[in-house]
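S.K.: This is the structure I want to talk about, given as C-alpha cells.
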Amino acid sequence: MTAGHTVKSYDEALGRLTRDVLAMGGLVESQLASAVQALVRRDGELAAQVIANDQRIDELEIRIDEQVTRILALRQPMAGDLRLVKTALKMSSDLERMGDLAANTAKRSLALTQADPVALRAAIARMADVVQAMIKDVLDAFAQRDADKAIAVRQRDTEVDEIYNGVFRALLTYMMEDQAHITPCTHLLFIAKNIERIGDHTTNVAEMVAYLVKGATPAEERTKGDTTSTFAGPAGPGAP
Amino acid sequence: MVAITVPVAAPTAAGGVVKVAARGVDVFYGAKQALVAVDLDIAEHQVTALIGPSGCGKSTFLRCLNRMNDTIEGCRVTGSITLDGQDLYARTIDVVQVRSRVGMVFQKPNPFPKSVYDNVAYGPRIHGLARDRAELDAIVETSLKLASLWSEVKDRLGEPGTSLSGGQQQRLCIARAIAVSPEVILMDEPCSALDPIATAHIEELIDELKTNFTIAIVTHNMQQAARVSQYTAFFHLGRLVEFGDTAAVFTNPRETMTQDYITGRFG
C-alpha cells in the first residue's frame, strides 16, 4: 500500500469510511447468523432483537452516504481513492439490502416458532453458513485489498444456489402433500430466497472489491446456479 | 531513491496520427540533467496533458517542442523530436518557422502593449500572411472567434489588450497564437492565473481548439488535466513515468508513483 496523503485529514476521512463499511458488514454478518439461529432454535426473543438491530445498519448506510458526499465534494478523489469511495458507496447499499433480508428472515421465523411441518431448517442453516462465510471472506478481502480472495467468494455462490434449488423442490413437494403445509412452507421458501439473495448481494460486493483492487470489474461471467425461475413444477399425479 | 520504470514506446490514439514524436530526449541545464531519455508521442487533434510535481521536467519537455529552450543559456537538448516526421533540431531548420508551426501560450497572460487588433495582427504581419488590410481583418476576426473572444471584443478592437480582464487577456494570447495558423499549440499552465469562470472558458476553448490544432498542456491542476485531455503523461525527476489514456491514468494508473502523485500523497 502506498504512503499517506500529504493532507492528513484526508487519510482520516478515508480511514473512517473504510471502518464504517467494515462495521456495517460485520453487523450484517451477525444479523444473518442471529436470524438463522432464531429460526433453528425457535427463539422469538432473538428474532425480535434482529428486527430491532436493522436500524443500526440503516443508520450506518446514511452515515457512509454522507461521508462519501463530503469526500467527493471536498477532496475530488482520484485513482485508488476514487475507487475506494465509489466502492464504499455501492457496498453500503448492497449491505443495507442484505440487512433488510436478514431482518425479514427473522420476522418470518416468528411465524414459524410453533409449527414445524418439515425438516428443512437444517438445510437452510447450511445454506446460511455458506453465505455467512462468504460475507466474512469478502469483508476480509476488502480490508486486505485482496482481489483473489474476493473472486473466490464470487465462485462460492454456486454452492448456495444449489442448496437453494434443493430446498425449493423439497418445499414444493411438502406443499403438494398437505395443504396445511402451505403457510409454513411459504415462509420457509421466502427465508431460503432471502438467504440466496444475500448470497447474490455478497457476490456483488465481491466484484466491487475486485474492482477496488484491480481497477476493473472481473470479466468472466459467473455461473448462475439458481434454476428455480424456470422450474415449471414437479410431474405430480395430477399432471398431464 | 525509488526506482522509476520507464515505459517502452509511448502508445498513441488507436489509429491516431502522431503529430510530434520525442525519442530519447535528454535535456541538460549546464551540468544538471533535467530530462532523461523521454519517449513520448503527441497525437494529432488531441489534447495531451503533462503533469508532475514542480521540477519534474514537464515544462522543460514542453519548451523542447518549439525550441524555446534555445533561448536559455547553457541548455542542451539531445535525442530526437520530430514534427510530422521532420527533425525539429536539424541544422537546416528555421527556428522562427518552427515557432510559427508550434505556438505557445504562457502561464500569465502577456498581451503586447498594443490594441486588441494589433495583438492578433502582429504575427500575421511579421510572417507576411496577409496581402491587404481586408485579409488581415479576416485573420483577426477568425482568430478571435476561434479563441471565443470575438463577441466580447468586436466593438473594442482599438482598445489596449491590457485593458481586458485576465481571462479575456489569456484568450487574446490564444488568439494571437492561432493567428499564424500553427499546427500545434503548447500551453504552459494557461489557467493558473485565472479565476474558475475564466478557467472554464479556457477549458471549453481547449476542447474546441483540438478540432483544428494539436494541443499539449502543462498543468498543476489534476482535475483540469483529467477534464481537458485525452492523453496524460506523468513526469517525475526528469523521467516519463507513465503515459496513457487520461481516463485510465486517473482511475487506474499502472504505476504506484502516478497513483501517489494524483491522489495527493506526494508532490
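S.K.: Could you tell me how many degrees, from 0 to 90 and to the nearest 10, lie between the Cα long axis of helix A:8-41 and the main elongation axis, the longest principal axis, of the Cα atoms of chain A?
M.R.: Around 10 degrees separate the two axes.
S.K.: Follow-up question, since we're still on this one. Give me the distance between the Cα centres of segment B:226-267 and segment B:199-213, rounded to whole Å.
M.R.: About 22 Å separates the Cα centre of segment B:226-267 from the one of segment B:199-213.
S.K.: Right, something else. Please give the charge dipole size of segment B:108-267, origin at the Cα centre, charges +1 on K and R Cβ atoms and -1 on D and E Cβ atoms. Round to the nearest 20 debye.
M.R.: The calculated dipole for segment B:108-267 is roughly 260 debye.
S.K.: Here's something else I'd like to know. Where nothing but the Cβ of Lys and Arg (+1) and of Asp and Glu (-1) is charged, how large is the charge dipole of the protein assembly as shown around its Cα centre, in debye to the nearest 20? Write down the numbers at each step before the final one.
M.R.: Values: 53 positive and 63 negative charges, 211 e Å.
Dipole of the protein assembly as shown, to the nearest 20 debye: 1020 debye.
S.K.: So, one more: Please check: in the Gaussian network model of chain A (C-alpha springs, under 10 Å), which one of A:ALA79, A:ALA35, A:ALA23 has the largest mean-square fluctuation.
M.R.: Evaluated over chain A, the most mobile residue of the options is A:ALA79.
S.K.: How big is chain A along each principal axis, measuring the range of its Cα positions in Å and listing the largest first?
M.R.: Result for chain A: principal-axis Cα extents of 72, 41, 24 Å.
S.K.: Let me ask something else about it. Where a ≥ b ≥ c are the square roots of the eigenvalues of the C-alpha gyration tensor, would you call segment B:228-267 rounded, which needs a/c under 1.5, or, failing that, prolate if a/b is larger than b/c, or oblate? Could you put the intermediate results ahead of the total?
M.R.: Numbers: a/c = 1.76, a/b = 1.26, b/c = 1.39.
Since a/c reaches 1.5 but b/c is at least a/b, the shape of segment B:228-267 is classed as oblate.
S.K.: A further question follows. Does the protein assembly as shown come out rounded, prolate or oblate by the C-alpha gyration tensor, with a ≥ b ≥ c the root eigenvalues, rounded set by a/c under 1.5 and, if not, prolate when a/b is larger than b/c and oblate if not?
M.R.: On the way: a/c = 3.08, a/b = 2.80, b/c = 1.10.
Note, shape of the protein assembly as shown comes out prolate.
S.K.: Compare the Cα positions of B:VAL77, B:LEU149, B:MET187 along the charge dipole of chain B (+1 at Cβ of Lys, Arg; -1 at Cβ of Asp, Glu; about the Cα centre) and return the one farthest towards the positive end.
M.R.: Working it through, the farthest residue towards the positive pole turns out to be B:VAL77.
S.K.: Something else about it: With a ≥ b ≥ c taken as the square roots of the eigenvalues of the C-alpha gyration tensor of segment A:42-165, please select rounded if a/c is under 1.5 and otherwise prolate if a/b is larger than b/c or oblate if it is not? Before the final figure, lay out each step's value.
M.R.: Working: a/c = 3.76, a/b = 1.63, b/c = 2.31.
Here segment A:42-165 falls in the oblate category.
S.K.: Follow-up question, since we're still on this one. Could you work out the helix-only [θ] at 222 nm for chain A, with each DSSP H run of four or more residues adding -39,500 (n - 2.57) and the total divided by the number of residues, to the nearest 500 deg cm²/dmol? Walk me through the numbers before you get to the answer.
M.R.: Working: 6 runs with 187 residues, N = 240.
The helix-only estimate for chain A comes to -28000 deg cm²/dmol at 222 nm.
S.K.: Is there a quick way to get the dipole size of segment A:68-184? I mean about its Cα centre, with the Cβ of Lys and Arg at +1 and of Asp and Glu at -1; what is the value in debye to the nearest 20?
M.R.: Numbers: 16 positive and 16 negative charges, 123 e Å.
So the dipole magnitude of segment A:68-184 works out to roughly 580 debye.
S.K.: Shifting gears a bit: Below 8 Å between Cα atoms, with a sequence gap of 6+, how large is the relative contact order for segment A:112-231 in percent? Don't jump to the answer; show the numbers that get you there.
M.R.: Numbers: 127 pairs, mean separation 45.8, N = 120.
In percent, rounded to a whole number, it is 38.
S.K.: Of the residues B:LEU237, B:LEU172, B:LEU40, which exhibits the maximal mean-square fluctuation in a Gaussian network model of chain B defined by a 10 Å Cα contact cut-off?
M.R.: Its mean-square fluctuation being the largest, the pick is B:LEU237.
S.K.: Students often forget the sequence filter, so: which lysines lie under 18 Å Cα-Cα from A:LYS107 once same-chain residues fewer than 8 apart are removed?
M.R.: A:LYS193
S.K.: Compute the relative contact order of chain A as a whole-number percentage, counting only Cα pairs closer than 8 Å that sit 6 or more residues apart in sequence.
M.R.: Relative CO of chain A lands at 24 percent.
S.K.: Another one. Specify which residue in the list B:ASN66, A:GLN144, B:ALA175 is farthest towards the positive end of the charge dipole of the protein assembly as shown, using unit charges on the beta carbon of Lys, Arg (+1) and Asp, Glu (-1), about the Cα centre.
M.R.: The residue sitting most towards the positive pole is B:ASN66.
S.K.: Once the dipole of the protein assembly as shown is set up with Lys and Arg at +1 and Asp and Glu at -1 on Cβ about the Cα centre, which of B:ASN110, A:LEU14, A:THR173 lies farthest towards its positive end?
M.R.: In the protein assembly as shown, that residue is B:ASN110.
S.K.: Mind checking which lysines have their Cα closer than 27 Å to the Cα of A:LYS214? Skip sequence neighbours fewer than 8 apart in that chain.
M.R.: Partners found: A:LYS8, A:LYS86, A:LYS90, A:LYS136, A:LYS149, A:LYS224.
S.K.: Translational diffusion coefficient of chain B at 37 °C, 0.692 mPa s, Stokes-Einstein with Kirkwood Rh over Cα pairs, in µm²/s as a whole number. Write out the running numbers ahead of the final one.
M.R.: Values: Rh = 19.0 Å.
This corresponds to a translational diffusion coefficient of 173 µm²/s.
S.K.: Helix A:121-144 versus the longest principal axis of chain A: what is the Cα-based angle in degrees, 0 to 90, to the nearest 10?
M.R.: 10
S.K.: Starting from segment A:175-226, pick out the trypsin sites (Lys or Arg not before Pro) whose DSSP state is loop and whose Cβ has at most 13 other Cβ atoms within 10 Å.
M.R.: Values: sites: A:LYS193, A:ARG197, A:LYS214, A:ARG222, A:LYS224; in loops: A:ARG222, A:LYS224.
Those satisfying the criteria are A:LYS224.
S.K.: Using alpha-carbon positions, what is the distance between the centroids of segment A:30-74 and segment B:68-89, in Å?
M.R.: If you average the Cα positions of each part, the centres end up 64 Å apart.
S.K.: When the helix-only estimate is applied to chain B (DSSP H runs of n ≥ 4, each -39,500 (n - 2.57), divided by the residue count), what is the mean residue ellipticity at 222 nm, nearest 500 deg cm²/dmol? Show your work: numbers first, answer last.
M.R.: Numbers: 10 runs with 90 residues, N = 267.
Mean residue ellipticity at 222 nm (helix-derived): -9500 deg cm²/dmol.
S.K.: Something else about it: Defining a contact as two alpha carbons under 8 Å apart and six or more residues distant in sequence, what relative contact order in percent does chain B show? Write down the numbers at each step before the final one.
M.R.: On the way: 519 pairs, mean separation 73.8, N = 267.
Rounded, it is 28 percent for chain B.
S.K.: Roughly how tilted is helix A:44-75, in degrees to the nearest 10 and between 0 and 90, from the longest Cα axis of chain A?
M.R.: Once rounded, the angle reads 30 degrees.
We did not get these values from a lab; they are worked out from the coordinates using the rules stated. The model shown is predicted, which means the values in this text are computed figures rather than measured ones. FYI the Cβ positions are ideal-geometry reconstructions off the backbone, even for glycines, and counts take in every protein chain you see.
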